[in-house]
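Undergrad: Quick one: the structure is below, questions incoming.
The values are calculated or read from the model by the stated rules, or taken from the named source; none is laboratory data. Just so we're clear, the structure is a prediction, and the values are computed from it rather than from any experiment. Here Cβ is always computed from backbone atoms with ideal geometry, including for glycine, and neighbour counts include all displayed protein chains. The protein model used for the area step is the full one, side chains on, heavy atoms only, and it has no ligands, DNA or RNA in it. Shrake-Rupley method; radii C 1.70, N 1.55, O 1.52, S 1.80 Å.
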Amino acid sequence: MSHVPVLLHEALEGLDIQENDTVLDGTLGSAGHAKEICRRLGADGTLIGIDQDAEAVAIGQEVLHGTKASVHLAVENFRNVDRVLDQFGIRCIDKALFDLGVSSRQLEDSGRGFTFQKNEPLLMTLKTDPHVMHDLTAGEVVNHFEGGTLLTLIRNYGEERYAKRIVSGILRARTDKPIETTDELVRIIEESVPVRYRHSKIHPATRTFQALRMTVNEELEALSEMLEKTWERLKANGRMAIISFHSIEDRAVKNFFREKWRAGEAAWLTKKPIVPGEEERRDNPRSRSAKLRIIQKVGMA
């Protein structure tokens, strides 16, 4: 399945990319946003692309080959954006874009258990470079975390109303044998929730899978580090655009932007988040929950 970049026009227009800008794409993915960024950059422009998925970076190298701008790509978690910029000898950036969604390729083709629609091992690790593989997996979380911790994670990260029932089901199942595949976990969830919930608009496993993926990849912790470090490297009048896909991430972004605005360090460019239009939601259903927020740094760099 081909990857369709979400809110592409709105994000790039909001960033107001100039030909000589230094632009960070902190979530390279399949390079959909990066490709359009490079079209707006001239020979004096620079793109830095980061993704912790080595396959994404390899795809990006192919997609961006031959561009006029200088292109630097790195396999790294965006929480280490400062390390990447130092690696390429870049002190400050003009613009930064982050698309916090899991790519279509990872959902459909990774084989790591991100989707409940395929029977795969319970991994959910976003990293693929063997030198930086994450130690924790979703299987380890469901099989070894104590019940109280599981309940907190699924309630807080998944915002799952039936978290207590689901955790009880997990604890019962794992006493018989380890939970090893997505199919096994989906069956446990479906058997744990009320019948009416199994037939709701959103699949009953959606929120639990989200909570596990966020836990395994420390997504909120990484997001917090990324926001602070990127802001520190952003030039005066530089812009940061972030596309989030669920309320927990969006809340973290909104709160960070508000803090900078209240401190007089930033100007809101989107007082309310930009969301996909009807046509984009129809053509790309995965965009339906996307929210774009953009902020501009003011004062001294």
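Per-residue answers, yes or no, for (1) in a strand (DSSP E or B); (2) free of Cβ contacts under 8 Å to residues at least 40 places away in the same chain; (3) closer than 18 Å to Ala11 by Cα; (4) open to solvent by less than 70 Å² (accessible area, probe 1.4 Å):
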{"residue": "Met226", "(1), (2), (3), (4)": "no, no, no, yes"}
{"residue": "Thr230", "(1), (2), (3), (4)": "no, no, yes, yes"}
{"residue": "Ile243", "(1), (2), (3), (4)": "yes, no, yes, yes"}
{"residue": "Ile248", "(1), (2), (3), (4)": "no, no, no, yes"}
{"residue": "Ala252", "(1), (2), (3), (4)": "no, yes, no, yes"}
{"residue": "Ala267", "(1), (2), (3), (4)": "yes, yes, yes, yes"}
{"residue": "Lys271", "(1), (2), (3), (4)": "no, yes, yes, no"}
{"residue": "Pro276", "(1), (2), (3), (4)": "no, no, yes, yes"}
{"residue": "Arg281", "(1), (2), (3), (4)": "no, yes, yes, no"}
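Undergrad: For the stretch 184-205, which positions are surrounded by 15 or more Cβ atoms within 10 Å (Cβ to Cβ) and of a type outside the set (Phe, Trp, Tyr)?
TA: Initially, the stretch 184-205 is screened for residues surrounded by 15 or more Cβ atoms within 10 Å (Cβ to Cβ), giving 184-190, 192-193, 197, 203-205.
Correct list: Glu184, Leu185, Val186, Arg187, Ile188, Ile189, Glu190, Ser192, Val193, His203, Pro204, Ala205.
Undergrad: Just checking: which of the helices (runs of 4 or more DSSP H) contained wholly in the stretch 27-129 hold 1 or more residues that are hydrophobic (A, V, I, L, M, F, W, C), open to solvent by 20 Å² or more (accessible area, probe 1.4 Å) and over 26 Å from Ser289 (Cα atoms)?
TA: Per the criteria, 54-63.
Undergrad: For the stretch 140-166: of the residues being open to solvent by less than 10 Å² (accessible area, probe 1.4 Å) and in a helix (DSSP H, G or I), which is farthest from Pro121 (Cα to Cα)?
TA: This residue is Ala163.
Undergrad: Here's a follow-up. Taking the options Thr182, Thr149, name whichever one is free of Cβ contacts under 8 Å to residues at least 40 places away in the same chain and among the β-branched types (Val, Ile, Thr).
TA: Testing whether each residue is free of Cβ contacts under 8 Å to residues at least 40 places away in the same chain and among the β-branched types (Val, Ile, Thr) leaves just Thr149.
Okay, residues lined up against (1) among the β-branched types (Val, Ile, Thr); (2) touching a Gly at 6+ places or on another chain (Cβ under 8 Å):
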residue: Asn20; (1), (2): no, yes
residue: Val23; (1), (2): yes, yes
residue: Ile48; (1), (2): yes, no
residue: Ala69; (1), (2): no, yes
residue: Arg79; (1), (2): no, no
residue: Ile90; (1), (2): yes, no
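Undergrad: Against the definition (out of contact with any Pro (no Cβ under 7 Å at 6 or more places or on another chain) and either modelled with pLDDT under 90 or within 14 Å of Met240 (Cβ to Cβ) (or both)), how does Pro276 come out, yes or no?
TA: no
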